[in-house]
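Engineer: What follows is a structure written as structure tokens; I'll ask about it next.
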Amino acid sequence: MYEGSTVFEEELMTEKNQLKKQMKTRHITMLALGGAIGAGLFKGSGEAIQLAGPAVLLAFIFCGLILFVVMTGLGQLVLSDQKQHGLSGLVQPYLGVHTADFIDWIYWSMWMINIIAEAVAAASFLQLWFPNIPAWIFVLILALLTTIINLFSVRLFAETEYWLSWAKISVVIALILVGLYLVATQVLDLGFLPTMRQMTDYGGFAPHGLKGFINSLLVVIYSYGGSELVAITISEAENPKKAIPQAIKGVMTRIAAFYIIPLFLLLIIYPWNQLADPNVSPFVMVFQKIHVPFASDIVNLVIILALFSSINSGVYASSRTLFFRLSNNGQKKAASRC
């Protein structure tokens, strides 16, 4: 009698603590896209260019193909069994309980480390404007903001990420438009072929050879991180069968537009060795070329928003991973008592 009532109480508590399905298709699409377009594009692209030169384009295409395979497989796993939640629930039928548990804890640990690193990075960018304020104060403010957003409701989290993603995308679109204008100007002045040849003026297309290309892959694949969040949202999506495939397709097409095209334009406008300066964002260089006022401040703000978005997503992903892990443990205990 006692065991039966205990199981009933646990089931009742599980029902009360179920996650609410408040994420719309647009939220999930922008969450996946926002995860892929982060500070790595605005600041880290210069490091990737330094490692590979113009061959960084091939690195982004190659890693994009890897992401396509991973995301397509992830989508199939999510839609094949919507009763399973979290990464461990998706892989457990294929890899076993212990491997699934290991993946959950590794994923949770990765996000915890990433949250700390991104918070410190965001504080360092904020100190460019407020050098007299200690970094720990900015970290504390970011921690409080992201905690409040995630504790209030999943809809608030989704709306926050939606508009943060739009802010990042708007800057990328602005760069593409400015880049097209600058490239068109060069083509009219120099001609099409001489303009295209400028990309390979300093050491050719792959100045550091195969080694440089391989070294850049780690930077590039890190830039794509965060797209896998669509798998975490299945429990809170209003219509996962529609939202998740649409999000996966949207991520792949938009990555081509928001990574490959801007980098291609940047490498035509500037010699790659100028873009490789780690102290200056390539985005700042382009906006300064057309004399946009406060270009460095605008890009600095976008980088801070991108880092805040990453921290916010990290809190969401780590909390949901922990929630699913504890829920699975509770279900196993309840089953053992039966």
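The values are calculated or read from the model by the stated rules, or taken from the named source; none is laboratory data. Predicted model, so just to flag it, every value in this text is computed and none were measured. Glycine gets a Cβ as well: all are built from the backbone with ideal geometry, and neighbour counts include every protein chain shown.
Engineer: Taking the range 224-259 only, how many residues are among the small types (Gly, Ala, Ser) and in contact with a strand residue (DSSP E or B) (Cβ under 7 Å, 6 or more places away or on another chain)? Talk me through it step by step, then tell me what you get.
Structural biologist: Of all residues in the range 224-259, those among the small types (Gly, Ala, Ser) come to 225-227, 231, 235, 237, 243, 247, 250, 256-257.
Cutting the leftovers down to in contact with a strand residue (DSSP E or B) (Cβ under 7 Å, 6 or more places away or on another chain) gives us 237, 243.
So the count comes out to 2.
Engineer: Any residue at all in the range 219-239 that is under 20 Å from GLY44 (Cα atoms), buried (at least 21 other Cβ atoms within 10 Å of the Cβ), hydroxyl-bearing (Ser, Thr, Tyr) and modelled with pLDDT of 80 or more?
Structural biologist: no
Engineer: Let me confirm something: among LEU164, LEU145, LEU90, which residue is outside any loop (DSSP other than H, G, I, E, B), surrounded by 19 or more Cβ atoms within 10 Å (Cβ to Cβ), within 20 Å of the chain's Cα centre (by Cα) and hydrophobic (A, V, I, L, M, F, W, C)? So that I can check it myself, show each step before the final result.
Structural biologist: Details: LEU145 fails: surrounded by 19 or more Cβ atoms within 10 Å (Cβ to Cβ); LEU90 fails: within 20 Å of the chain's Cα centre (by Cα).
Testing whether each residue is outside any loop (DSSP other than H, G, I, E, B), surrounded by 19 or more Cβ atoms within 10 Å (Cβ to Cβ), within 20 Å of the chain's Cα centre (by Cα) and hydrophobic (A, V, I, L, M, F, W, C) leaves just LEU164.
Per-residue answers, yes or no, for (1) in a helix (DSSP H, G or I); (2) among the β-branched types (Val, Ile, Thr):
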| site | (1), (2) |
| --- | --- |
| GLY225 | no, no |
| TYR259 | yes, no |
| ASN279 | no, no |
| VAL286 | yes, yes |
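Engineer: Okay, next question. If I ask for residues that are more than 21 Å from PHE287 (Cβ to Cβ) and surrounded by 12 or more Cβ atoms within 10 Å (Cβ to Cβ), which ones from the range 177-192 would you list?
Structural biologist: If the condition is that a residue be more than 21 Å from PHE287 (Cβ to Cβ) and surrounded by 12 or more Cβ atoms within 10 Å (Cβ to Cβ), then LEU190 is the only one that fits.
Engineer: Does any residue in the range 239-250 that is under 13 Å from LEU77 (Cβ atoms) and in contact (Cβ under 8 Å) with a residue 60 or more places away in the chain come within less than 9 Å, Cβ to Cβ, of a residue that is of a type in the set (Ser, Thr, Tyr) and buried (at least 23 other Cβ atoms within 10 Å of the Cβ) six or more places away or on a different chain, and which pairs are these?
Structural biologist: Cβ pairs passing all conditions: PRO240/THR233; ILE244/THR233; ILE248/SER227.
Engineer: I need a count of the residues in the range 136-165 that are small (Gly, Ala, Ser) and at pLDDT 90 or above. Lay out the reasoning, then the answer.
Structural biologist: To start, the set of residues in the range 136-165 that are small (Gly, Ala, Ser) comprises 143, 153, 158, 165.
So of that shortlist, the ones also at pLDDT 90 or above come out as 143.
Of the residues in the range 136-165, 1 are small (Gly, Ala, Ser) and at pLDDT 90 or above.
Engineer: Filter the range 93-127 for residues that are surrounded by fewer than 12 Cβ atoms within 10 Å (Cβ to Cβ) and not in a helix (DSSP H, G or I) and give the result.
Structural biologist: GLY96
Engineer: When you scan the range 176-207, how many residues do you find that are in a loop (DSSP other than H, G, I, E, B) and closer than 22 Å to GLY53 by Cβ?
Structural biologist: From the range 176-207, those in a loop (DSSP other than H, G, I, E, B) are 191, 201-207; that's our starting set.
Next cut, closer than 22 Å to GLY53 by Cβ only: 201-207.
Looking only at that region, the number is 7.
Engineer: Here is a further query. Has the range 158-167 got any residue that is under 16 Å from PHE264 (Cβ atoms) and touching a residue at least 40 places away in the same chain (Cβ under 8 Å)?
Structural biologist: To start, the set of residues in the range 158-167 that are under 16 Å from PHE264 (Cβ atoms) comprises none.
No, the range 158-167 contains no residue that is under 16 Å from PHE264 (Cβ atoms) and touching a residue at least 40 places away in the same chain (Cβ under 8 Å).
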